[in-house]
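Engineer: Encoded as structure tokens, here's the structure I'll be asking about.
The values are calculated or read from the model by the stated rules, or taken from the named source; none is laboratory data. Predicted model only: the values in this text are computed from it and were never measured. Ideal geometry is used to build each Cβ from the backbone, glycine not excepted, and the neighbour counts take in all protein chains shown.
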Amino acid sequence: PLIHLGILITTIASKGELQNWPDLLPKLCSLLDSEDYNTCEGAFGALQKICEDSAEILDSDVLDRPLNIMIPKFLQFFKHSSPKIRSHAVACVNQFIISRTQALMLHIDSFIENLFALAGDEEPEVRKNVCRALVMLLEVRMDRLLPHMISIVEYMLQRTQDQDENVALEACEFWLTLAEQPICKDVLCRHLAKLIPVLVNGMKYSEIDIILLKGDVEEDEAIPDSEQDIRPRFHRSRTVAQPHEEDRIEDDDDDDDDDNDLDDDDTISDWNLRKCSAAALDVLANVFRDELLPHILPLLKELLFHPEWVVKESGILVLGAIAEGCMQGMIPYLPELIPHLIQCLSNKKALVRSITCWTLSRYAHWVVSQPPDTYLKPLMTELLKRILDSNKRVQEAACSAFATLEEEACTELVPYLAYILDTLVFAFSKYQHKNLLILYDAIGTLADSVGHHLNKPEYIQMLMPPLIQKWNMLKDEDKDLFPLLECLSSVATALQSGFLPYCEPVYQRCVNLVQKTLAQAMLHNAQPDQYEAPDKDFMIVALDLLSGLAEGLGGNIEQLVACSNILTLMYQCMQDKMPEVRQSSFALLGDLTKACFQHVKPCIGMFL
């Protein structure tokens with residue numbers, strides 16, 4: 001019953017009713033002193049939830065600043081005999097660190113002292129909350145931690161190896177946060193010899209990871225994807241520079257946010273010790289550069305040639321994580337390492353093949369700087385085989401890695417276009433839902449990279465039928481249209497006049513998408529209760545594809561523009577509340593002005 005009561009109280013509180021129940025907080029605080037353990041714990045549970053949900057209002061004059069009383073009260077419970085209550089107490093105070101709440105800042109030294117007293121607590125949840133507090137304090141009150149920094153670093157080294165993975169993960173965040181502070185180098189230079197092996201060790205898959213990732217399932221290409229396998233995609237406008245693939249630290253096995261991944265093990269919770277350790281190593285490599293290598297190279301030697309696949313795999317991840325920061329110092333070793341990695345692409349374990357794709361993509365820039373026959377050709381040949389792998393995770397990693405290679409190699413790929421297109425087109429018939437979306441990206445990137453070299457009848461004949469087949473299958477409200485339209489935009493720009501046979505239905509559909517979205521937006525604005533707001537990404541992607549057509553077809557788009565109301569629609573888009581819609585419509589205006597000024601000219605007064 002206490003739990004239900006707690007949920008009820010916190011639900012009412014989170015609905016913004018705290019100010020209408022002035023007795024609630026004083027009553028809960030007085031219950032903390034109850035002799036009855038269950039009452040005390042129930043009250044703390046409710047208070048923790050209120051602190052999480054209503055931190056802002058608690059720190060305002062609306063409630064007469066209750067934190068001035070609550071925070072000193074919470075601090076008293078750091079020494080309570082019950083681990084659960086100690087944990088609640090730390091968690092409550094933690095809610096007010098990042099906002100630098102005045103009531104906490106007044107007691108900051110006492111808070112830090114109490115945290116240190118809990119450092120060796122036997123309860124994992126308490127240790128986790130202590131680590132979380134220290135990580136946040138590093139961001140907002142570095143001045144108060146500095147005098148204790150050596151002991152804090154040593155403590156965090158221990159906690160990063162904690163038996164409880166949740167504690168280890170919280171502690172590992174410390175290195176990520178510290179790496180962003182200007183004092184990182186001074187603080188850590190003496191500890192690298194201990195820290196690097198700890199991070200590297202954290203980069204191995206745990207047994208539970210392997211189970212969740214179905215690491216023993218080598219062939220799954222025939223199994224359809226479930227809806228939750230497919231992450232929501234956000235359209236990126238043509239007018240915004242595409243982020244470089246290497247920013248996804250580890251796109252197959254990797255992730256630090258959105259696309260910035262140190263490990264795309266999407267079936268595991270999005271963030272785990274492996275990803276955090278890899279992200280920390282990546283950031284530290286960017287801070288220390290080649291100074292990191294004396295601590296890494298001896299470990300790498302052992303890991304990369306280890307007989308156990310889990311250990312070997314972690315070594316390949318390490319090699320990828322340091323690629324950006326330690327590139328200069330790694331160059332002497334690459335002539336030996338790259339062929340070794342290319343061999344690893346044929347490893348019998350799918351998880352080794354997938355991580356190898358990602359790591360090789362991190363060194364693509366160097367590969368492309370060498371004579372093409374030495375590394376580029378063998379790498380490309382093997383990656384294309386992996387694009388047709390029988391394991392979906394490997395297909396995904398290979399496709400992403402190949403897109404990075406395309407960006408780096410650009411026209412170096414022209415001699416191999418027939419072979420590349422052959423593979424990518426074959427993948428259309430092979431891929432399940434999720435990887436198809438990544439395949440569109442690889443094709444679009446290829447078009448961006450080789451440009452007009454794609455405009456040959458035999459290439460067009462290979463590439464366009466499967467794209468148009470998908471285009472015809474998808475309904476106007478299907479979000480899979482986004483990556484396909486983005487891909488077609490790149491293809492249309494590259495093919496130039498070669499796209500003419502396909503341009504009319506593509507143009508017409510884009511205009512319809514814009515028109516439909518605008519109409520739906522007008523209905524929603526007039527009667528929001530009756531009509532849903534449209535997804536304006538449809539309109540943005542359609543405008544961007546029209547830009548691609550105008551850029552590719554040039555004057556040939558003139559007739560299509562003449563027979564449509566695109567200029568009126570564009571004028572409406574320019575007044576949209578959403579900046580991305582306005583941005584894409586202005587970009588289209590620019591492209592149409594270049595392609596067929598005679599149709600834009602009569603409307604100039606309206607646009608100005």
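Engineer: Checking D59 against (1) in contact with a Leu (Cβ under 8 Å, 6 or more places away or on another chain); (2) modelled with pLDDT of 95 or more; (3) charged (D, E, K, R): exactly one of these is not met. Which one?
Structural biologist: (2)
Engineer: Tell me, which helices (runs of 4 or more DSSP H) wholly within segment 545-608 include 2 or more residues that are more than 17 Å from L513 (Cα to Cα)?
Structural biologist: Hits in segment 545-608: 558-562, 579-595, 597-600, 604-607.
Engineer: Does L405 satisfy being under 27 Å from D216 (Cβ atoms), surrounded by 19 or more Cβ atoms within 10 Å (Cβ to Cβ) and either under 22 Å from the mean Cα position of the chain (by Cα) or touching a residue at least 60 places away in the same chain (Cβ under 8 Å) (or both)?
Structural biologist: no
Engineer: Within segment 471-512, restricting attention to residues that are assigned to a helix (DSSP H, G or I) and touching a Pro at 6+ places or on another chain (Cβ under 9 Å), which residue is surrounded by the most Cβ atoms within 10 Å (Cβ to Cβ)?
Structural biologist: G498
Engineer: Also: Is one or more of the residues making up segment 168-191 surrounded by fewer than 21 Cβ atoms within 10 Å (Cβ to Cβ) and polar (S, T, N, Q)?
Structural biologist: yes
Engineer: Using the structure shown, decide if C399 is buried (at least 22 other Cβ atoms within 10 Å of the Cβ), closer than 30 Å to L545 by Cβ and in contact (Cβ under 8 Å) with a residue 60 or more places away in the chain.
Structural biologist: Considered against the rule, which asks whether it is buried (at least 22 other Cβ atoms within 10 Å of the Cβ), closer than 30 Å to L545 by Cβ and in contact (Cβ under 8 Å) with a residue 60 or more places away in the chain, C399 comes out as no.
Engineer: I'd like to check something: does segment 119-138 contain any residue that is farther than 16 Å from E56 by Cβ, out of contact with any Leu (no Cβ under 9 Å at 6 or more places or on another chain), part of a loop (DSSP other than H, G, I, E, B) and without any contact (Cβ under 8 Å) to a residue 12 or more places away in the chain?
Structural biologist: Checked against the condition, which is being farther than 16 Å from E56 by Cβ, out of contact with any Leu (no Cβ under 9 Å at 6 or more places or on another chain), part of a loop (DSSP other than H, G, I, E, B) and without any contact (Cβ under 8 Å) to a residue 12 or more places away in the chain, segment 119-138 yields at least one hit.
Engineer: Select from segment 65-86 the residues that are more than 16 Å from F116 (Cα to Cα) and not aliphatic (A, V, I, L, M) and write down the one among them that is surrounded by the most Cβ atoms within 10 Å (Cβ to Cβ).
Structural biologist: If we take residues in segment 65-86 being more than 16 Å from F116 (Cα to Cα) and not aliphatic (A, V, I, L, M), then P66 is surrounded by the most Cβ atoms within 10 Å (Cβ to Cβ).
Engineer: What about R144, is it on the phi > 0 side of the Ramachandran plot and either surrounded by fewer than 19 Cβ atoms within 10 Å (Cβ to Cβ) or part of a helix (DSSP H, G or I) (or both)?
Structural biologist: Answer is no for this residue.
Let's see how each residue does on (1) over 27 Å from the mean Cα position of the chain (by Cα); (2) over 15 Å from A494 (Cβ atoms); (3) of a type in the set (K, R):
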{"position": "F428", "(1), (2), (3)": "no, yes, no"}
{"position": "A442", "(1), (2), (3)": "no, no, no"}
{"position": "D448", "(1), (2), (3)": "no, no, no"}
{"position": "L454", "(1), (2), (3)": "yes, no, no"}
{"position": "P457", "(1), (2), (3)": "yes, no, no"}
{"position": "I460", "(1), (2), (3)": "yes, no, no"}
{"position": "K475", "(1), (2), (3)": "yes, yes, yes"}
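Engineer: Out of the residues in segment 411-426 meeting the condition of being of a type in the set (V, I, T) and within 28 Å of the chain's Cα centre (by Cα), tell me which one is farthest from E382 (Cα to Cα).
Structural biologist: V425
Engineer: Hey, another quick one. Mind telling me which of the residues P371, P378 ends up being surrounded by fewer than 23 Cβ atoms within 10 Å (Cβ to Cβ), out of contact with any Leu (no Cβ under 9 Å at 6 or more places or on another chain) and not in a helix (DSSP H, G or I)?
Structural biologist: P371
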